[in-house]
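Only one structure is covered here, and it is reproduced in the block below.
Nothing in this text is a laboratory measurement; each read-out follows from the coordinates by a stated rule. Bear in mind that the values here come from a model prediction, so they are computed numbers and not experimental data. Quick reminder, even Gly has a Cβ in these numbers, built from the backbone with ideal geometry, and neighbours come from all protein chains shown.
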Amino acid sequence: MIYLAPLLGLSLGILVNLLADSLPLARTLQRPHCAACTAPRSIVAWSGLLAAFTPRRACAYCGTKRRLRAILVEAVSLIGAVILAQVNPEPNVYFPTMLVGFIFLLIMVIDIEHRLILHRVTLPAGILFFLLAGFNPDLTYARSLIVGALGFVFFFLLYLMGDLFGKWMAQRKGYDQSEVAFGFGDVTLATVIGLLLGFPAVIEALFRGIIYAGIFSIGYIIYLKLRQRYSSFIPFPYGPFLILGAQWVYFQGWTSLERLLGM
């Protein structure tokens, strides 16, 4: 597994980049192509990381260079695959963990770039995470469904409150409401996290996500104020913070809340 991990990590990173380029615009998988001129990429240029060390790092037709994201995503995926192989190389642990990491990475990339959490990603992810519950000795199918439903209800209420607050502020300030505090994609993501983690792990995961988002927003506001670019209700993607909280809990396998409750 140690020798397979780099190749697997790089391959999944390439796939994340390909899906992140295709799904937000076409809602289907497309052949790798230049984002500027839509010309097809050569096989070597499918990988941003490999192309960076060859003359193929720019489009052969228009000369546009690959975005830095392509290199970063593949590097993160490759390094993560190697680390996970060193932590636990058992196939029944390693492959499900890699799959979870792949899905979370894809959701993060799309949400950061487009502020979208696509149902085409979260629906298959939810089904897959539910099936993985059968391989987790601490999580049954019934428990997975119940906690997934609780995650949906909690974040759906936040979604409704955020929508009402946005409409109230828009009416008060006299502007069109184009952004909401929580999108419905955040609701489906919370559901998926609940299906994956169960109780009480999902509580800590979502709580951590909310705390991470709050810390980021404070720092972001300070940064914008220092640059004199601050304005009220600047939107930012919320999904990556929920995923960071879920990853913290999932990859360490034992939550602070479980220790506190003696579970």
### Task
With +1 on each Lys and Arg Cβ and -1 on each Asp and Glu Cβ, and nothing else charged, work out how big the dipole of the chain is about its Cα centre, in Debye to the nearest 20.
960 debye
## Note on the structure
Answer in debye to the nearest 20: the dipole magnitude of the stretch 1-89 about its Cα centre, from +1 Lys/Arg and -1 Asp/Glu charges placed on Cβ, is 300 debye
### Summary
Farthest towards the positive end of the dipole of the stretch 1-89, among 72, 60, 24 and with Cβ unit charges of +1 on Lys and Arg and -1 on Asp and Glu, lies the Cα of 60
### Message
Ranking request for peptides 139-149, 211-221: highest mean number of other beta-carbon atoms within 10 Å first, then the rest in descending order.
### Response
139-149, 211-221
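Roughly speaking, what is the stretch gain from residue 143 to residue 28, that is 0.36 nm per residue apart minus the C-alpha to C-alpha distance, in nm to one decimal?
Contour length minus Cα-Cα distance gives 38.1 nm.
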### Summary
With the dipole of the chain defined by +1 on each Lys or Arg Cβ and -1 on each Asp or Glu Cβ, the option from 189, 10, 246 whose Cα lies farthest towards the positive pole is 10
### Angstrom value of the Kirkwood radius, inverse mean 1/r, which spans all Cα pairs in the stretch 69-156
14.7 Å
### Message
At 0.692 mPa s and 37 °C, plugging the Kirkwood radius over alpha-carbon pairs of the stretch 1-89 into Stokes-Einstein gives what diffusion coefficient in µm²/s?
### Response
243 µm²/s
### Message
Quick check on packing: order 46-59, 28-41 by the mean number of other C-beta atoms within 10 Å, highest mean leading.
### Response
46-59, 28-41
### Rg to Rh quotient for the chain, alpha carbon positions, Kirkwood Rh
1.00
### Task
Go through 137, 203, 43 and say which Cα lies farthest out towards the positive end of the charge dipole of the chain; charges sit on Cβ, +1 for Lys and Arg, -1 for Asp and Glu.
43
